[in-house]
Amino acid sequence: MVTAVALLGVAGSARAADDWAMGADLRCVSAFAYLITNPQYKDNATIGMFYYLGRIEGRDPTFDLAKGLAQVRSSVQSQIANESQRCGAEVKAKNETLKAIGGQTQPGKRGVG
């Protein structure tokens, strides 16, 4: 019985973490959707939006995106600067990781001549 209760607690914690991550990703999509309207940010916002849409779909392919975005829209509008900075930093970090991996796989970059 104690094991079952412990497993339920772990499952509940995992579900809460998944819900939080989904909400964070939805806030990023919403923030980037707002920034796409500004020509200065359009390209980077488009890339960021598709990155987070992919995360959402990867987590739950049947997720109701319209409903999820409607739930976070008002909170994002009041915090657009904070959300776009947080989300942009995450996308930038992934981009830097990919650049590093790409540099390792380029011919002649391995130190072998």
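The values are calculated or read from the model by the stated rules, or taken from the named source; none is laboratory data. Note that the structure is predicted; figures quoted are calculated from it, not measured. Neighbour counts are summed over all protein chains in view; Cβ atoms, including those assigned to glycine, are modelled from backbone coordinates with ideal geometry.
Some notes on this structure:
- Meets criteria (touching a helix residue (DSSP H, G or I) at 6+ places or on another chain (Cβ under 9 Å) and either closer than 15 Å to K94 by Cβ or surrounded by fewer than 13 Cβ atoms within 10 Å (Cβ to Cβ) (or both)) for I47: yes
- Residues of segment 28-49 satisfying the condition of being of a type outside the set (A, V, I, L, M) and under 9 Å from the mean Cα position of the chain (by Cα): C28, G48
- Of all residues making up segment 74-85, the number that are in a helix (DSSP H, G or I) and closer than 13 Å to C28 by Cβ: 7
- For beta carbons closer than 6 Å, sequence separation of 6+ or different chains, a first residue in segment 52-77 that is in contact (Cβ under 8 Å) with a residue 12 or more places away in the chain and under 13 Å from F32 (Cβ atoms) and a second that is surrounded by 12 or more Cβ atoms within 10 Å (Cβ to Cβ) and of a type in the set (K, R), the qualifying pairs are V72/R27; V76/R27.
- The condition (being loosely packed, with under 10 Cβ neighbours inside 10 Å and either of a type outside the set (S, T, N, Q) or at pLDDT 95 or above (or both)) is satisfied by just one residue among V76, V112: V112.
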